[in-house]
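Novice: Below is the structure I would like to discuss, written out as structure tokens.
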Amino acid sequence: MNDPKRDRQFRPLPVPSVELCGIFGDRQEAICGSTAETLLDRCVEAGMLRAIDTSHQGPGVVIPIQPWGGTTQMFWDSDLGKSIETVAYSLYRRPNPRLEARVDEITDMYEKLQDADGYLNAWFQRVQPGRRWTNLRDHHELYCAGHLIEGAVAYFQATGKRKLLDIMCRYADHMIEVFGHGEGKIPGYCGHEEVELALVKLARVTGQKKYLDLAKYFIDERGTEPHFFTEEAIRDGRDPTHFIQKTYEYNQAHQPVREQKKVVGHAVRAMYLYSGMADIATEYNDDTLTAALETLWDDLTTKQMYITGGIGPAAANEGFTDYYDLPNESAYAETCASVGLVFWASRMLGRGPNRRYADIMEQALYNGAMAGISLDGRTFFYENPLESSGKHHRWIWHHCPCCPPNIARLLSSIGSYMYAVADDEIAVHLYGESKAHFEIGGSKITLAQETRYPWDGAIRFDIATEKPACFAVSLRIPEWANGVAIKVNGETFDLSRVMLDGYARIEREWKSGDRVDLDIPLATRSLFANPLVRQDAGRMALMRGPLVYCVEATDNGPGLNGIRLNGDVSKAKTAEVAELGGAIALDLPARRDEADWGEALYRASPPHARETAARFVPYSFWDNRAPGEMLVWVRAGEEGGD
């Protein structure tokens, strides 16, 4: 078989085209049942609706101005935008007229707030009206616009209601008038990337290429000289060297994007920028952007990423530090950053299925991102450490509540990350109980996935077509999986004949009743960190399938650092944990230091160890039961694990 061309464009299936059950269905049920309304309620409690309601006096400055010259109150439009997006996706699964009416009310407020020229930003219209477009580096105007655009697109697709979409089209048209190199225009871009990927969504839903062109402008302009942020500060009477982060690496504006080779700065900003770059690379078949992104991808995933798919170890810049600097207990690893990594990975698949991206997308999704929301959908993590002494717990809300709606909108739209379609191919990037509806060659097709993945690796695909159709089904074969087997209509398929970039590409004429069986063994495996990661020296972590596991005091009692593993971890016993929604736990023999130390701080002999058993649960499910210690990287025994 000839290799298919890699210059085709793969687009994710729309959210309503994928029906979900299983683990993702459970998470979506929690979002529909509690999270979506919780997000709106807490936005109201914070004062966000009062800030956009022109029929009442605005709340003024609710959250004080910080040393960086702004306040997280400036981001409120973005929190509303993401919350609207979450509600929109939830409506696909479960219609809710009351929630829909609340979004309609918010839309009406934004319609009244919008200026005649299209400008729309609660802070700069009602609190600092004389400061619009004067500090793009710090003040998040375009970032807020981007999240409102994404909310508007999702709400239009969910309900068919155009009002919010039209509002944001007017705002985007205003941006086209404001930004660029023409006379009287601002040759700038946002300090917090996000609008770039949002404009691509707007272009796709409206068919208006002008929005793509604006996104491309923002990407192409970033980091060029003379530097916009420097000149902007001078024009505004500010010292361009006097800002809190002291470097344009913070917002990835230190070099033109095609010249950047190291992932630096604020982690969420970086992920949003790379997501926008990947979208533009797909839409314009831009190999120069793709090449830059491939270099940055390798830099991140081989030197700067936690085993959970968490990124950005430092609280000081909410981002990256040095290579191999991955502390566990102090890990920042913001939920939004792992969500952003899922966004980026998904968009890297726009130019064709490739395991190097999809495997990391799965790893970040199941671990670093999903940890950010409780099983009941009501409480959240902002930071995601890999070790806790028992003092780190989910919270109800946050002074910068970016993470709750971010993880909620991802999980409520996860079906579109599972599948992508081209003219003659459907790619399955993620596995989970679902039905995907799509069209190829004029034929309507349903691909039904029956599985208990990630708890069980047996996956069955049943195909239904209006008429026989020729196309390829590409199934990701995870790099960690050994002994994978495929059968088509009961006949064993030779994987070696069809593997391409880590996917089994099965091309044939399909008809209703055709069946593919994929078996992915889910043996427990131990992983060790590069010796340069000093925090993990002498330690090991456990994974089963895509899931990273941890020990909790709930199962093992306190003193988790006393646990040592050795032997063959692949022989771990499995057990369902009912209080964690049937999640699979791993039980392994271990040695554990006895608490026999007495009052001495130091002594000449080591602690005695006893034989015991240790229970591991999926990392993303931790802190859903009694609070207590947690640990991912446990000590490796004398034999060094397996």
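Novice: Looking at ARG347 and the list (1) free of Cβ contacts under 8 Å to residues at least 60 places away in the same chain; (2) closer than 27 Å to ALA427 by Cα, which single condition is not satisfied?
Specialist: Going through the list (1) free of Cβ contacts under 8 Å to residues at least 60 places away in the same chain; (2) closer than 27 Å to ALA427 by Cα, ARG347 breaks only (1).
Novice: Residue by residue through segment 592-642, note down the ones that are free of Cβ contacts under 8 Å to residues at least 60 places away in the same chain, charged (D, E, K, R) and either in contact with a helix residue (DSSP H, G or I) (Cβ under 9 Å, 6 or more places away or on another chain) or more than 27 Å from VAL548 (Cα to Cα) (or both).
Specialist: Step one: filter segment 592-642 for residues free of Cβ contacts under 8 Å to residues at least 60 places away in the same chain, giving 592-613.
Applying the additional criterion that residues be charged (D, E, K, R) yields 592-594, 596, 599, 603, 610-611.
ARG592, ASP593, GLU594, ASP596, GLU599, ARG603 - these are the residues of segment 592-642 that are free of Cβ contacts under 8 Å to residues at least 60 places away in the same chain, charged (D, E, K, R) and either in contact with a helix residue (DSSP H, G or I) (Cβ under 9 Å, 6 or more places away or on another chain) or more than 27 Å from VAL548 (Cα to Cα) (or both).
Novice: I would also like to ask the following. Tell me, please, whether a residue that is of a type in the set (Asp, Glu) and either assigned to a strand (DSSP E or B) or surrounded by 13 or more Cβ atoms within 10 Å (Cβ to Cβ) (or both) can be found in segment 471-493.
Specialist: Looking only at segment 471-493, we keep the residues that are of a type in the set (Asp, Glu), and these are 479, 491.
Cutting the leftovers down to either assigned to a strand (DSSP E or B) or surrounded by 13 or more Cβ atoms within 10 Å (Cβ to Cβ) (or both) gives us 491.
Yes, there is a match, as at least one residue in segment 471-493 is of a type in the set (Asp, Glu) and either assigned to a strand (DSSP E or B) or surrounded by 13 or more Cβ atoms within 10 Å (Cβ to Cβ) (or both).
Novice: Somewhere in segment 113-120, is a residue modelled with pLDDT of 95 or more, in a helix (DSSP H, G or I) and in the same structural domain as GLY377 (by TED's automatic domain parsing)? Spell out how you get there, then give the answer.
Specialist: Kept after step one, since they are modelled with pLDDT of 95 or more, are these residues of segment 113-120: 113-120.
Restricting the remaining residues to those that are in a helix (DSSP H, G or I) gives 113.
Filter once more, so that each one left must be in the same structural domain as GLY377 (by TED's automatic domain parsing): 113.
Yes, some residue in segment 113-120 is modelled with pLDDT of 95 or more, in a helix (DSSP H, G or I) and in the same structural domain as GLY377 (by TED's automatic domain parsing).
Novice: Considering only segment 291-316, state which residues are among the β-branched types (Val, Ile, Thr), crowded, with 17+ Cβ neighbours inside 10 Å and not in a loop (DSSP other than H, G, I, E, B). Give the steps one after another, and end with the answer.
Specialist: Of all residues in segment 291-316, those among the β-branched types (Val, Ile, Thr) come to 295, 301-302, 307-308, 311.
Checking which are crowded, with 17+ Cβ neighbours inside 10 Å leaves us with 301, 307-308, 311.
THR301, ILE311 - these are the residues of segment 291-316 that are among the β-branched types (Val, Ile, Thr), crowded, with 17+ Cβ neighbours inside 10 Å and not in a loop (DSSP other than H, G, I, E, B).
This table checks each residue for (1) of a type outside the set (Val, Ile, Thr); (2) modelled with pLDDT of 95 or more.
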| site | (1), (2) |
| --- | --- |
| ALA541 | yes, yes |
| PRO546 | yes, yes |
| VAL551 | no, yes |
| ASP568 | yes, no |
| ALA575 | yes, yes |
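Novice: If HIS181 passes every condition in (1) in contact (Cβ under 8 Å) with a residue 12 or more places away in the chain; (2) within 25 Å of LEU289 (Cβ to Cβ); (3) not small (Gly, Ala, Ser) but one, which one does it miss?
Specialist: For HIS181, the exception is condition (1).
Novice: Where the second residue is assigned to a strand (DSSP E or B) and among the charged types (D, E, K, R) and the first is crowded, with 20+ Cβ neighbours inside 10 Å and lies in segment 450-467, which pairs have Cβ atoms under 7 Å and are six or more apart or on separate chains?
Specialist: Correct list of pairs: THR451/ARG460; GLY457/ASP519; PHE461/ARG515.
Novice: Under 9 Å between Cβ atoms, which residue pairs at least 6 apart in sequence (or on different chains) link something in segment 311-325 that is under 17 Å from SER338 (Cβ atoms) and in contact (Cβ under 8 Å) with a residue 12 or more places away in the chain with a partner that is outside any loop (DSSP other than H, G, I, E, B) and of a type in the set (S, T, N, Q)?
Specialist: ILE311/SER338
Novice: Are any residues in segment 159-184 over 25 Å from VAL268 (Cβ atoms), of a type in the set (Gly, Ala, Ser) and crowded, with 17+ Cβ neighbours inside 10 Å, and if so, which ones?
Specialist: GLY180
Novice: Kindly indicate whether any position in segment 214-230 is among the hydroxyl-bearing types (Ser, Thr, Tyr) and under 30 Å from ILE167 (Cβ atoms). Show your work before the answer.
Specialist: Our first condition is that a residue be among the hydroxyl-bearing types (Ser, Thr, Tyr); within segment 214-230, this holds for 217, 224, 230.
Pick out the ones that are also under 30 Å from ILE167 (Cβ atoms) and you get 217.
Checking segment 214-230: at least one residue is among the hydroxyl-bearing types (Ser, Thr, Tyr) and under 30 Å from ILE167 (Cβ atoms).
Novice: Taking strands (runs of 3 or more DSSP E) that do not extend beyond segment 520-621, which have at least 1 residues that are surrounded by 20 or more Cβ atoms within 10 Å (Cβ to Cβ)?
Specialist: Counting at least 1 such residues, we get 524-527, 539-544, 547-552, 563-565, 583-593, 609-618.
Novice: I need the full set of residues from segment 205-234 which are of a type in the set (D, E, K, R), touching a residue at least 40 places away in the same chain (Cβ under 8 Å) and either out of contact with any helix residue (DSSP H, G or I) (no Cβ under 9 Å at 6 or more places or on another chain) or in a helix (DSSP H, G or I) (or both), in order please.
Specialist: Step one: list which residues in segment 205-234 are of a type in the set (D, E, K, R), which gives 209-210, 213, 216, 220-222, 225, 231-232.
So of that shortlist, the ones also touching a residue at least 40 places away in the same chain (Cβ under 8 Å) come out as 216, 222, 232.
Within segment 205-234, LYS216, GLU232 meet the criteria.
Novice: Would it be correct to say that GLU37 is in the same structural domain as TYR119 (by TED's automatic domain parsing) and either assigned to a loop (DSSP other than H, G, I, E, B) or over 20 Å from the mean Cα position of the chain (by Cα) (or both)?
Specialist: Working: in the same structural domain as TYR119 (by TED's automatic domain parsing): yes; either assigned to a loop (DSSP other than H, G, I, E, B) or over 20 Å from the mean Cα position of the chain (by Cα) (or both): yes.
Against the criterion (in the same structural domain as TYR119 (by TED's automatic domain parsing) and either assigned to a loop (DSSP other than H, G, I, E, B) or over 20 Å from the mean Cα position of the chain (by Cα) (or both)), GLU37 qualifies.
Novice: Within segment 329-355, how many residues turn out to be of a type in the set (Gly, Ala, Ser) and assigned to a helix (DSSP H, G or I)?
Specialist: 6
Novice: Given (1) surrounded by 15 or more Cβ atoms within 10 Å (Cβ to Cβ); (2) in a loop (DSSP other than H, G, I, E, B), identify the lone condition not met by THR282.
Specialist: Every listed condition holds for THR282 apart from (2).
Novice: When you scan segment 509-538, how many residues do you find that are out of contact with any strand residue (DSSP E or B) (no Cβ under 7 Å at 6 or more places or on another chain) and of a type outside the set (A, V, I, L, M)?
Specialist: 7
Novice: Here's something else I'd like to know. Please indicate, with yes or no, whether at least one residue in segment 45-68 is free of Cβ contacts under 8 Å to residues at least 12 places away in the same chain and not in a loop (DSSP other than H, G, I, E, B).
Specialist: yes
Novice: Just give me the residues in segment 392-437 being in a loop (DSSP other than H, G, I, E, B) and aromatic (Phe, Trp, Tyr), in sequence order. Talk me through it step by step, then tell me what you get.
Specialist: Here is the first cut: in segment 392-437, the residues in a loop (DSSP other than H, G, I, E, B) are 392-394, 396-402, 413-414, 423-424, 429-433.
Correct list: TRP397, TYR431.
Novice: Of the residues in segment 438-462, how many are assigned to a loop (DSSP other than H, G, I, E, B) and either touching a strand residue (DSSP E or B) at 6+ places or on another chain (Cβ under 6 Å) or within 11 Å of ILE520 (Cα to Cα) (or both)?
Specialist: Here is the first cut: in segment 438-462, the residues assigned to a loop (DSSP other than H, G, I, E, B) are 441-442, 452-457.
Still in the list and also either touching a strand residue (DSSP E or B) at 6+ places or on another chain (Cβ under 6 Å) or within 11 Å of ILE520 (Cα to Cα) (or both): 441, 453-457.
Residues flagged as assigned to a loop (DSSP other than H, G, I, E, B) and either touching a strand residue (DSSP E or B) at 6+ places or on another chain (Cβ under 6 Å) or within 11 Å of ILE520 (Cα to Cα) (or both) within segment 438-462 amount to 6.
Novice: Report, by residue number, each residue of segment 68-83 that is among the aliphatic types (A, V, I, L, M) and over 17 Å from ARG50 (Cβ atoms). It would help to see each step written out before you state the result.
Specialist: First, the residues of segment 68-83 that are among the aliphatic types (A, V, I, L, M): 74, 80.
Hits for segment 68-83: nothing passes.
Novice: Select from segment 437-483 the residues that are of a type in the set (Val, Ile, Thr) and under 17 Å from TYR503 (Cα atoms) and list them in ascending order. Full working, then the answer.
Specialist: At the first step, the residues of segment 437-483 found to be of a type in the set (Val, Ile, Thr) are 440, 445-446, 451, 459, 463, 465, 473, 477.
ILE459, VAL473, ILE477, listed by residue number.
Novice: Does LEU148 qualify as being touching a residue at least 60 places away in the same chain (Cβ under 8 Å), assigned to a helix (DSSP H, G or I), surrounded by 18 or more Cβ atoms within 10 Å (Cβ to Cβ) and assigned by TED's automatic domain parsing to the domain that holds LEU212? Even if it seems obvious, please write down each step before you answer.
Specialist: Numbers: touching a residue at least 60 places away in the same chain (Cβ under 8 Å): yes; assigned to a helix (DSSP H, G or I): yes; surrounded by 18 or more Cβ atoms within 10 Å (Cβ to Cβ): yes; assigned by TED's automatic domain parsing to the domain that holds LEU212: yes.
Here the answer is yes, as LEU148 does meet what is asked.
Novice: Mind checking whether some residue in segment 185-202 is assigned to a helix (DSSP H, G or I), surrounded by fewer than 21 Cβ atoms within 10 Å (Cβ to Cβ), touching a Phe, Trp or Tyr at 6+ places or on another chain (Cβ under 8 Å) and of a type in the set (A, V, I, L, M)? Can you show your working first?
Specialist: Let us first name the residues in segment 185-202 that are assigned to a helix (DSSP H, G or I), namely 195-202.
Narrowing the set further to residues that are surrounded by fewer than 21 Cβ atoms within 10 Å (Cβ to Cβ) leaves 201.
Next, only the ones that are touching a Phe, Trp or Tyr at 6+ places or on another chain (Cβ under 8 Å) stay: none.
No, there is no match, as no residue in segment 185-202 is assigned to a helix (DSSP H, G or I), surrounded by fewer than 21 Cβ atoms within 10 Å (Cβ to Cβ), touching a Phe, Trp or Tyr at 6+ places or on another chain (Cβ under 8 Å) and of a type in the set (A, V, I, L, M).
Novice: Is there a residue being surrounded by 20 or more Cβ atoms within 10 Å (Cβ to Cβ) and charged (D, E, K, R) anywhere in segment 389-405?
Specialist: No, every residue in segment 389-405 fails to be surrounded by 20 or more Cβ atoms within 10 Å (Cβ to Cβ) and charged (D, E, K, R).
Novice: With GLY415, GLY513 as the choices, which residue is at pLDDT 95 or above, of a type in the set (Gly, Ala, Ser) and crowded, with 20+ Cβ neighbours inside 10 Å?
Specialist: Details: GLY513 fails: crowded, with 20+ Cβ neighbours inside 10 Å.
Only one candidate passes the filter, namely GLY415.
The values are calculated or read from the model by the stated rules, or taken from the named source; none is laboratory data. As the structure is a computational prediction, the values presented were derived from the model and not from experiment. Positions of Cβ are backbone-derived with ideal geometry, glycine not excepted, and every protein chain shown enters the neighbour counts.
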